[in-house]
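Written out below as structure tokens is the structure these notes cover.
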Amino acid sequence: MKQLNIRFRPVAAACTCLFAAHAHAQNAAPVATDRVVITGNPLASTELAQPSASLAGDALTLRRAGTLGETLDGLPGVAATWFGPNANRPAIRGLDGDRVRLLDNAGATTDASNVSFDHAVALDPLVVERVEVLRGPASLLYGGNATGGVVNTLDNRIPRAALVGLGGRAELRGGGAANERSASGLVEAGAGGLNWHADAFRRATDDLQVPRFVPVEDGVAGPPTRRVRNSAARAEGGALGASWADAKGYLGAAVDTYRNDYGVTVEPDVQIRMRRERLAVAGERNLGERGFTDLSLRASDTNYQHQEVEGDGAVGTTFSSRGQDVRLEARHAPLFGLGRGVIGLQAESMRFSALGEEAFVPDTRTRSVAAFALEEMQLGALRLSAGARFERVSVGSEGDAPGAEEPRFGAASTRRFAPTSGSLSAVWTLAGGWSTSAVLGATERAPAYYELFANGVHVATAAYERGDPALGLERGRHADLGVQWKGGSSHFEAHLFEMRFSRYLSLDASGATIPVAGEDGGVSDVPEYRFRAVPARLWGAEIEGRHRLWEGATTLDLQATLDTVRGQNLGTGEPLPRLAPMRVSLGLDAAHGPWRAGLGARHAWAQRQVPSTDVATPGYTLVNAWISRAWVAGGLDGLVFVKLDNATNTLATSASSIRTLRDLAPLPGRNLSAGVRVAF
């Protein structure tokens, strides 16, 4: 891996802060991320070579936001695509969209969030019990769509262990920059190995409050405002699940429903009406100590639809998809004394359709079948892993509908691809709690249906987007070098990474404009953007750590993170778009008995590394504080918390969001929120 072009003064400063005192305690404050990760770890190794993070319990409760992207924003290497408060996907190491795989209990999610930035992820963080993040390519286990990383949300809708008696949890939250009012609850019970689960939630928000700013639309400045227009939302959902479980495994199923009605900021009179129903089946079984030791199965069927409703109540465009996936994994005992491993099969199918005046992609059908294997070997203090994945993918367009008034998509056609991925990794355990890791790999990704067949105006990006039906596989190589240290309640971790693409599928301006008729009968010129394959490179660094400063009846911990990513289109020499700037955060967490409190600041540098079609984003510093108290009474375990975010009411904009939205929706202003969680 070539030398990374990174300024290391902030890195050194963060390291100095982390090692300012000696750590020797055993308990961490609740905002620390959980170090145990199961996603991408089918062999249950003690440490992953690939950098990862997880959130659960109090840590997740205190970070929980209205969208998955906003909940994870600020974790090392993770940003949010930020299309206002309602539509946010996670971006990992500068990659988003179809390069970051979103999973629901390790199964495929089916929605339209990868098609457009204004399409929300069909999942609400209120019902999530745990979130796990893999940074960097995870294509080996999850396919080419995991080139940037994986985000896996976990719940207990299919109980995985035998439950005894009745239990449950409820949570109320209120306040914040969008005046959130939300409630969620679940009840579970079990006897004799039979278990059931039920949950429900509801969330309502108003238009987002921000510091005073001047919105700009189509180059025209509007009147100053403190609200993001058309950003209110209403969401609700629930699930029923059941399983049979014993000491050797479980088998069960669950059905869930999700509704989300929210405004689209770039279109002041448009509301999106989203609906999703999902049936999931999952099971695991321990088979013994010889041969194949464990077998797991996951399958789901998802029916998704969202309608874009105009101000007069008419439905402008309807997006719908129906997806199925099946995943089978089998772990085996060590073979010939060399090591253990896992083999697996995965199949997915999705039918997508878009009907209406703003449909810029045709009806499509995507199918994939894959086989993968991961083998691991322990050689003293060195653990080696190697794996490969082979896929067959077909992406078909149904073309223009018969009698279409404005033919755009041509005749029906199908493209077929055979992507392969491979990876080698090593973890070397050293003395004194230190270890080092290295990952090398190559990935291939089949083009998504919109990269192949798009042809129309995409309102969210204010561009006329054209796919290329002749596109080939996206191909890349990656390397990650890491060092880790653990001691008591303290830890330190640093990673350097690089990804090089010989073929990076990029949406770039062609320099042409397309005349498009407007609703008022006039014609306007819209810039044309085309999907094409270009050579590209991304590189960066991530540092995180936690250090116990004071130990006693009261504990005090220092935590710090720093991350930076740079990307370049090697064909044009221009930076890649929507990259988060260098970010650093410092925080102090205190604990005394049932009380916990924290104070922190996050600084983002100005992002001046942008392509010619974008403008620089100013830097900013956000100051946050929180306090919580745990309690036990009458058989109930509770937590009460209060949070103050953006205490200085700083005007900030996200460099990882598209320019169309950035001029209309800054990040939230000063806001106070509170909540209570009760479990029994």
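The values are calculated or read from the model by the stated rules, or taken from the named source; none is laboratory data. Values in this document were obtained by computation on a predicted structure and should not be read as measured data. Here the Cβ is made from the backbone with ideal geometry for all residues, glycine too, and neighbour counts use every protein chain on show. Side chains are part of the model used for accessible areas, which takes the heavy atoms of the whole protein and leaves out ligands, DNA and RNA. Shrake-Rupley method; radii C 1.70, N 1.55, O 1.52, S 1.80 Å.
Worth pointing out:
- Distance between the modelled labels on residue 640 and residue 570, one decimal in nanometres: 5.9 nm (7 Å Cα→Cβ projection).
- Note on residue 406 and residue 632: their simple-model spin labels are 6.5 nm apart, each label 7 Å out from Cα toward Cβ.
- Computed E for residue 336/residue 502 - FRET, C-beta separation, R0 51 angstrom, nearest 0.05: 0.90
- Largest to smallest accessible area among 220, 315, 78 [probe 1.4 Å]: 220, 315, 78
- Segments 646-655, 486-495 sorted - mean Cβ within 10 Å per residue, highest first: 486-495, 646-655
- Normalised by residue number, the volume inside the convex hull of the Cα atoms of the range 338-494 is 163 Å³ per residue.
- Residues listed by number, the range 446-487, amide nitrogen under 20 Å from residue 418 label point at 7 Å toward C-beta: 446-448, 470-476
- Where the range 99-185 is the region considered: accessible area per residue in Å², 1.4 Å probe: 24
- Cα extents of the range 505-601 along the three principal axes, largest first (Å): 70, 39, 16
- Gyration tensor verdict on the range 477-528 (Cα atoms; rounded if a/c is under 1.5, prolate if a/b is larger than b/c, oblate otherwise): oblate
- The range 39-173 shape via C-alpha gyration tensor axes, a/c threshold 1.5: oblate
- Per-residue [θ]222 nm for the chain (sum of -39500 (n - 2.57) over DSSP H runs n ≥ 4, rounded to 500): -1000 deg cm²/dmol
- Within the accessible surface of the chain, defined with a 1.4 Å probe on protein heavy atoms only, the carbon and sulfur portion equals 58 percent.
- Per residue, the solvent-accessible area of the range 41-90 (1.4 Å probe, heavy atoms of protein chains only, all protein chains present) comes to 20 Å².
- Here the spin labels are modelled as points 7 Å beyond Cα on the Cα-Cβ line, and at residue 599 and residue 679 they lie 3.0 nm apart.
- Dividing the mean sequence gap of close Cα pairs (under 8 Å, 6+ apart) by how many residues the range 524-589 holds gives a relative contact order of 31 percent.
- FRET E, pair residue 290, residue 390, Förster distance 25 Å, beta-carbon r, rounded to 0.05: 0.35
- Mean accessible surface per residue for the range 464-503, computed with a 1.4 Å probe while every protein chain stays in place, in Å²: 36
- Expressed per residue, the C-alpha convex hull volume of the range 238-313 stands at 112 Å³.
- Expressed as a fraction of 2.2 N^0.38 Å, the value expected for a compact globular protein of N residues, the C-alpha radius of gyration of the range 540-680 is 1.35.
- Value of relative contact order over the chain, rounded to a whole percent, pairs C-alpha under 8 Å and six or more apart: 12
- Computed on protein heavy atoms with a 1.4 Å probe, the accessible areas place 96, 207 in the order 207, 96, largest first.
- Converting the Cα gyration tensor eigenvalues of the chain into ellipsoid dimensions via √(5λ) gives semi-axes, longest first, of 36, 30, 28 Å.
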